Amino acid sequence: MELQALIDRLTMAMIDFDKGDTMRIQHFLKVHRFAQLIGHSEHLDDHTQMILESAAVVHDIGIHPAEAKYGNCNGKLQEQEGPAPARKMLTELGYNSDDTERICYLIAHHHTYHPIDGMDYQILVEADFLVNFFEDNIPANSVAYTLNKIFKTATGKKIAELMFLEKYEKP
Ligand SMILES: [Fe+2]
């Protein structure tokens, strides 16, 4: 299947999974777009791009199960509760088991920044930060710190700088 068609189907499945939770749906749509953009700009091979985009769509799938089970969704719990529903969704959409396991690994580690063992992982983390900096209203000095510590791709750094470290002055 064409990557775009596959990602569209996965996105619809994930919107359904998160139904009623507008914030979460908007969150992963943004993370996916930043991930896609950074992946293209950094010239990922087609397979790594597919893994990255798929992981970006489903990366927070553990939040609702964690809330249902424990009443809260801290990073560790969502990493723990994410792989099972993701495995089911990906398998139903025809992902093979190697790809499914890599995506589940990324879900289970996307709040863990050492070691980052691939460009799919690195870019997923950067894309999630780009959205969370905004959604969590993170001050510029903390953005700059994370940028230095964790961001590696030229595109991710550029987007972060343009979006958070530039000042827009109304003319
Ligand atoms: Fe996220």
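Here are the numbers:
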quantity: Cβ-Cβ FRET estimate between Lys167 and Lys88, R0 fixed at 41 Å, reported to 0.05; calculated: 0.35
quantity: Cα centroid separation, the stretch 115-171 to the stretch 17-61 (Å); calculated: 15
quantity: Rough spin-label spacing in nm, given labels placed 7 Å along Cα→Cβ, for Leu37 and His114; calculated: 3.0
quantity: Set of lysines near Lys149 by C-alpha distance (under 27 Å), chain-local residues within fewer than 8 positions excluded; calculated: Lys30, Lys76, Lys157, Lys158, Lys167
quantity: Förster radius 30 Å - calculated FRET efficiency between Asn72 and Ser97 (Cβ-Cβ, nearest 0.05); calculated: 0.45
quantity: Charge dipole (debye, nearest 20) of the stretch 1-152; +1 at Cβ of Lys and Arg, -1 at Cβ of Asp and Glu; calculated: 360
quantity: Translational D in µm²/s for the stretch 90-171 (Stokes-Einstein at 10 °C, 1.306 mPa s, Kirkwood Rh from C-alpha pairs); calculated: 111
quantity: Nonlocal amide H pairs with Gly82, under 5 Å, H built at 1.01 Å; calculated: Gly62
quantity: Simple Cβ-charge dipole of the stretch 12-55, Lys/Arg +1 and Asp/Glu -1, about Cα centre, in debye nearest 20; calculated: 240
quantity: The chain, relative contact order in percent, only Cα pairs under 8 angstrom and at least six apart counted; calculated: 23
quantity: Mean ellipticity per residue at 222 nm, deg cm²/dmol - from DSSP H runs of n ≥ 4 across the chain, formula -39500 (n - 2.57); calculated: -22000 deg cm²/dmol
quantity: Label-point separation, Asp46 to Phe134 (7 Å along Cα→Cβ), nm; calculated: 3.1
quantity: Binned Cα-Cα distance frequencies in the chain - 5 Å width, integer %; calculated: 1, 9, 18, 22, 21, 15, 9, 4, 1, 0, 0
quantity: Contour excess over end-to-end distance, with Cα ends at Asp8 and Asn148 and 0.36 nm allotted per residue; calculated: 47.1 nm
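Every number in this text was worked out from the coordinates using simple rules, so none of it is lab data. Please read all numbers here as calculations on a predicted model, not as lab measurements. Positions of Cβ are generated from backbone atoms using ideal geometry, with glycine treated the same way; all protein chains shown enter the neighbour counts.
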